[in-house]
Amino acid sequence: MPAVPTGLRMTSNTGTFIAIAWDDTLSKEMLFETQRRRDNGQWTTGFETGANVTKWNNTGLVCDTSCGCRVRAIDVVGSLAWAGFPQFRTLP
């Protein structure tokens, strides 16, 4: 099973998107899956990245809104637990 990605953080922020990045501590992942939720609502699929891709632009957000983000690695065996869950806020 792949390890959990670490260091989920915001790298850029506007009123309509939050760019996030994480540290790839894995060796054999096939992809990363990201999810988001707005104002503590339901988690929805954000984006799937390729192996060794460690960033995602979380777009289509609303100004001055709280948004949670999480990421997990997937390999041929399956996926591990979600990493992250930090809450970020878009600019007003």
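Side notes on the structure shown:
- Residue 14 paired with residue 43, simple spin-label distance in nm, labels 7 Å along Cα-to-beta-carbon: 2.8 nm
- Residues whose amide H comes within less than 5 Å of that of residue 46, counting only those at least five positions distant or on another chain, are 34, 35, 36 (H built at 1.01 Å from N in the peptide plane).
- Equivalent ellipsoid, the stretch 6-84 (semi-axes from 5 times Cα gyration tensor eigenvalues, Å): 23, 13, 10
- Under the convention that each Lys and Arg Cβ holds +1 and each Asp and Glu Cβ holds -1, the size of the dipole of the stretch 6-84 around its Cα centre is about 120 debye.
- Cα-based Kirkwood hydrodynamic radius, the stretch 38-92, one decimal, Å: 12.7 Å
- For the stretch 64-78, backbone phi angles converted through the Karplus equation (6.51, -1.76, 1.60; θ = phi - 60°) give residue-by-residue couplings of 6, 10, 7, 9, x, 9, 8, 9, 9, 9, 10, 10, 5, 7, x Hz, Gly and Pro being listed as x.
- Shown in residue order for the stretch 81-92 are the 3J(HN,Hα) couplings computed by the Karplus curve 6.51 cos²θ - 1.76 cosθ + 1.60 at θ = phi - 60°: 4, 5, 10, x, 6, x, 9, 10, 10, 5, 6, x Hz (x for Gly and Pro).
- For residue 29, residues with placed amide H under 5 Å, excluding near neighbours: none
Coordinate-derived values only; no laboratory data. For clarity, every value in this text was computed on a predicted model and none was experimentally measured. Because the Cβ atoms are built from the backbone with ideal geometry, glycine has one as well, and the counts that use them run over all protein chains shown.
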